[in-house]
1. What's the total number of residues in the range 164-192 that are of a type in the set (Gly, Ala, Ser), in contact with a helix residue (DSSP H, G or I) (Cβ under 7 Å, 6 or more places away or on another chain) and more than 12 Å from Ile64 (Cα to Cα)?
2. How do the pairs read when you match residues in the range 156-170 that are over 20 Å from Gln88 (Cβ atoms) with residues anywhere that are of a type in the set (Phe, Trp, Tyr) and in a helix (DSSP H, G or I), using Cβ under 6 Å and keeping only pairs 6 or more apart or on different chains?
3. How about the range 145-180: which of its residues are open to solvent by less than 20 Å² (accessible area, probe 1.4 Å) and among the polar types (S, T, N, Q)?
4. Tell me which residues, restricted to the range 181-211, are among the acidic types (Asp, Glu) and open to solvent by less than 60 Å² (accessible area, probe 1.4 Å).
5. Among all residue pairs at least 6 apart or on different chains, which show Cβ distances below 7 Å where the first residue, located in the range 126-140, is under 18 Å from Gln96 (Cβ atoms) and of a type in the set (Phe, Trp, Tyr) and the second is open to solvent by 60 Å² or more (accessible area, probe 1.4 Å) and assigned to a strand (DSSP E or B)?
6. Based on this model, can you work out whether Gly141 counts as at positive phi and surrounded by 15 or more Cβ atoms within 10 Å (Cβ to Cβ)?
7. Suppose we keep only residues that are more than 17 Å from Ala189 (Cβ to Cβ) and either modelled with pLDDT of 90 or more or among the acidic types (Asp, Glu) (or both) within the range 212-243. Which one would you say is surrounded by the most Cβ atoms within 10 Å (Cβ to Cβ)?
8. Restricting to the range 305-320, count the residues that are open to solvent by 80 Å² or more (accessible area, probe 1.4 Å), within 15 Å of Asp138 (Cβ to Cβ) and either small (Gly, Ala, Ser) or not in a loop (DSSP other than H, G, I, E, B) (or both).
Amino acid sequence: MRKRIFIILLGFTVYFVSCKVGKQYQQADYQLTMPSTYNDGFSGDTTALVKWFDLFGDTALQSIIKTTLANNNNLLLAANRVQEAMIQTAIIRINQYPSFNYQAQVGGGTAGNDALRVAGGLNSAVFKVGGLLNWEIDLWGKLRGATAAAQAEFLASTENVNAIKVSLVAEAASLYFLLRDLDNRLLIAKRTVDVRKESTIIITQRYEKGYVAELDKFQAVQQEMQAAVLIPNLERQIVQTENAINLLMATTGKPISRGQSIAYQQLLAKIPAGLPSQLLQRRPDIKAAEKLLNAQFERVGIAQASMYPSFSLTGLLGFASPQVSSL
C-alpha cells in the first residue's frame, strides 16, 4: 500500500514539475522580405564579421587597441560582473535540487528527559547526530524560472562585455586616426610657414629694389603670420588627443607611437557599400537588451508562480547515544 502511494505521489510530482506558469518569451522575427539585389548591383548577402586585428593593418594602432582592452577599467568591471553573474546562476540553479543539512550536539539532562533515560539514565550526557533532507517540488516552475532568468542575465552581461569591447576599439581607432590627421595637418602648416617665409624674403627684396609696392610686403608678412598662428593650435590639439588616448589606455604621460601616415592607411578587409538591416541582430547591445527582456519574462512567471502553494519533501534521520562509539 505504501509503495502504491509513493508511486502515485511520484507520478503527480513528475507531472506537476513539467508545468510552468507565466508567458514564455518568444524571440521577435526580424526577417524582412528584402530583394536579393538592388539596382546598383549590390548583393544583400551578409558577410562574415572580421575581428579588429584583421581590419586595421597599422601595428601602432593594434598596440593601442591591445593596451586599451587589457587596462580599461570599464571593461575589467564588466568582465568581473560576468564572473559574478556566472556564480549567481550556479547558486540559483542549486535551489532546484534537494538540500541536505546536518548537525552534531552534545548535551545533558535530568530524569524528566525520556531520551536520556533510554540513552543512559539520570543526569547522563548524550551525543546526537542528525541530518535533514529537504526538497521543494517545483510544481509551477518558480525555481526553473529563477534559473532561466539568471542564465539570461549572465548572457546579457557577456554581451555587455562585447559591446564595451566594440566601443573601445572604435574609440581607440577614431582617436588614433584623428592624431595622425593632426600630425599631417601640422606638417602641412609648417611647410606652409616655410614657403611663406621664403615668399616674404623675395617680396621684401623686390620692395627694396623698388619693383613692388610696400603694400605687397605687408601682405606677404600677414600671410606668413596667418600660417604660423595655426601651428600652436594644432600642437595643442595633438597634446589633447594624446592625453585622450593615454586616458583610454589607462596610462599616464606615455608617448604615443606613430605608425603609417594617414595617407597610407588601408583597411585589410573590404567592407561592401551597403549592409542589410539583419546585421542589427549582431549588435552586442541589442542582444544584451533582448536577454534582459527574456529575464523579465521569467520574473513575471516567478511572480505568478508565487501565488500558488508550494510543497516540499522533508526527511529527518538522527542518532542518539551516551557514547560516541555506539552511535
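The values are calculated or read from the model by the stated rules, or taken from the named source; none is laboratory data. Keep in mind it's a predicted model, so treat the numbers as computed, not measured. We place every Cβ from the backbone using ideal geometry, glycine too, and count neighbours over all the protein chains shown. SASA here: full protein model, heavy atoms, side chains in, ligands and nucleic acids out. Shrake-Rupley method; radii C 1.70, N 1.55, O 1.52, S 1.80 Å.
1. Within the range 164-192, residues that are of a type in the set (Gly, Ala, Ser), in contact with a helix residue (DSSP H, G or I) (Cβ under 7 Å, 6 or more places away or on another chain) and more than 12 Å from Ile64 (Cα to Cα) number 1.
2. From residues that are over 20 Å from Gln88 (Cβ atoms), the pairs are Val169/Trp52.
3. Thr147, Ser157
4. Of everything in the range 181-211, those that are among the acidic types (Asp, Glu) and open to solvent by less than 60 Å² (accessible area, probe 1.4 Å) turn out to be Asp181, Asp183.
5. Pairs found: Trp135/Ser312; Trp135/Leu313.
6. Criteria met by Gly141.
7. Restricting to residues being more than 17 Å from Ala189 (Cβ to Cβ) and either modelled with pLDDT of 90 or more or among the acidic types (Asp, Glu) (or both), the top hit is Glu242.
8. Count: 2.
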